[in-house]
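Everything below concerns the one structure shown next.
The values are calculated or read from the model by the stated rules, or taken from the named source; none is laboratory data. A quick note: this is a predicted structure, and the numbers were derived from the prediction, not measured. Reconstructed Cβ throughout: ideal geometry from the backbone, glycine too, with neighbour counts over all protein chains shown.
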Amino acid sequence: MEIPISLRSASYITGIVIGILITFKLVRSKKKGTRKVPRGTVILHQFERPYLGVPNLSPPCMKLETYLRMTKIPYECDYTLKFSRKGQMPWIEYNGKEIADSNFCIEFLNKEFGVDVDDHLSDEQKGIARAVLVMLEANTFCTVAYFRGFDEGSETIKKIFFGNVIFPLRNLVFRFVFQRAIRRNLHGQGIGRHSPEEIYGIAEKDLRSVSAILGEKKFLFGDKPCLADVFLFALVSNFIFLTPVAPQAKLILTQLKNLEGHANRMKEAYYPDWDEVALGQN
């Protein structure tokens, strides 16, 4: 069966754009050398700051940076979009070593610096914290991707990542590159097989569960935050500060106010420079 001319043209254009983007990325990667920092300083590779209400659009990136601030580990950010060998962001370099995946980065740094943001928890609390973290990262986080790829959040993503692409190509790249990748990943994870109502229903159940654990406490397990608090903060911040129109954000801002309070406490504790790193204000 022959492809219609309009579709064929779109395919050609998309292929050209993808080729340009890949070539550009490869050229940039070849030009990037190892960044010079003092020995003992972590290089945090993460996405560039959007200055739209949060320090980073990526909750995993924001989690890792917040962890570094909590533990007072010296670090410098690298925004050159050089991905790890696993094709992931964020990742770190430390004294010549490269570590990918935010959780592996944290495990490595815990050993190197002799720190552990969970060391105040009991064994039972550590088990609950682990379950909460996995739920938020493997489940709730996927609803963020869905909102940004296929709901109102898509306009924010277009503006940030494709704002410099001319209008006709912008929508083509977004549709045939970004949305296609998101759809494939979410379908493989499983959540992408559901309806929008079902997806946001999953997010609601997750958030209500964490809200119930938090209760009226300052943090999930008392007066001191743990790693699960860190990712909860990164996730909730991306909802309420970046896209308050998201169903998840509306739920938090109207019914799960303790999650909003939790995010504000984390922000005040570890981001005294919030206006600078989240809003671009000096």
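If we scan region 31-42, do we find a residue that is closer than 27 Å to residue 159 by Cα, modelled with pLDDT under 95 and assigned to a helix (DSSP H, G or I)?
The initial filter retains those residues of region 31-42 that are closer than 27 Å to residue 159 by Cα, namely 31-32.
Right, trim to modelled with pLDDT under 95 and you get 31-32.
If we keep only those that are assigned to a helix (DSSP H, G or I) too, we end up with 31.
Yes, the conditions are met somewhere in region 31-42.
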For residues in region 40-57 being in contact with a Pro (Cβ under 8 Å, 6 or more places away or on another chain) and buried (at least 21 other Cβ atoms within 10 Å of the Cβ), which is farthest from residue 280 (Cα to Cα)? 42
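Considering each residue of region 110-133, count those that are surrounded by 13 or more Cβ atoms within 10 Å (Cβ to Cβ) and either within 14 Å of residue 220 (Cβ to Cβ) or touching a Ser or Thr at 6+ places or on another chain (Cβ under 6 Å) (or both), and give that number.
Within region 110-133, the subset surrounded by 13 or more Cβ atoms within 10 Å (Cβ to Cβ) is 110, 112-113, 115-118, 120-121, 125-126, 128-133.
Add one more test, that the residue is either within 14 Å of residue 220 (Cβ to Cβ) or touching a Ser or Thr at 6+ places or on another chain (Cβ under 6 Å) (or both), and what stays is 115, 117-118, 120-121, 125-126, 128-133.
Of the residues in that region, 13 qualify.
Of all residues in region 94-144 being among the charged types (D, E, K, R) and either modelled with pLDDT under 95 or under 14 Å from the mean Cα position of the chain (by Cα) (or both), which is farthest from residue 78 (Cα to Cα)?
Among those that are among the charged types (D, E, K, R) and either modelled with pLDDT under 95 or under 14 Å from the mean Cα position of the chain (by Cα) (or both), it is 137.
Considering every residue within region 167-190, establish whether at least one is outside any helix (DSSP H, G or I) and modelled with pLDDT under 75.
The first filter runs over region 167-190 and keeps only residues outside any helix (DSSP H, G or I), leaving 190.
Subsequent filtering for residues that are modelled with pLDDT under 75 retains none.
Among the residues of region 167-190, not one is outside any helix (DSSP H, G or I) and modelled with pLDDT under 75, which makes the answer no.
Being touching a Lys or Arg at 6+ places or on another chain (Cβ under 9 Å) and in a loop (DSSP other than H, G, I, E, B) is the filter; apply it to region 68-88 and report the residue that is nearest to residue 49 (Cα to Cα).
In this case the residue turns out to be 79.
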Please determine, by comparing only the residues of region 228-282 that are of a type in the set (Asp, Glu) and surrounded by 14 or more Cβ atoms within 10 Å (Cβ to Cβ), which one is nearest to the chain's Cα centre (by Cα). 229
